[in-house]
Structures are given as C-alpha cells and as structure tokens.
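Novice: Would you mind keeping the following structure in view while I ask a few things?
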Amino acid sequence: MWGAGGLLGSAPRRPEFRMLSLDGNVLCLATTWEHDISTSVLRCWS
C-alpha cells in the first residue's frame, strides 16, 4: 500500500480499493486474493 491516492494491493496485479460515500456514512472495500474477491460495506451511524 502506498498511502492516500497511491496504489493499494497485497501484490502486483492484485488490486484493492476503498470508496467513501459523498456524505461520509458508507465505506466500501474490496480486496483480491489468489482465487477470491472479498468485499465489505460498512455503514457509520452517528
């Protein structure tokens, strides 16, 4: 991982991403593995 605005991933050609909703209440994550893709969606309540 290279930090904010940089490359994310556990290895070359295995991308990851993070995405925050415009209102800041929902965070989406995805990671690729050797044979899988993992995703998560987190909702923040205040």
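Novice: Quick check on this structure: which one of Val41, Val26 is surrounded by 12 or more Cβ atoms within 10 Å (Cβ to Cβ), modelled with pLDDT of 70 or more and of a type in the set (A, V, I, L, M, F, W, C)?
Specialist: The unique qualifying residue is Val26.
Novice: Out of the residues in region 25-46 that are of a type in the set (S, T, N, Q) and more than 14 Å from Pro15 (Cβ to Cβ), state the one that is farthest from the chain's Cα centre (by Cα).
Specialist: This residue is Ser46.
The values are calculated or read from the model by the stated rules, or taken from the named source; none is laboratory data. Owing to the predicted nature of the structure, the values given are computational and were not obtained by experimental measurement. Cβ: placed from backbone, ideal geometry, glycine included. Neighbour counts: every protein chain shown.
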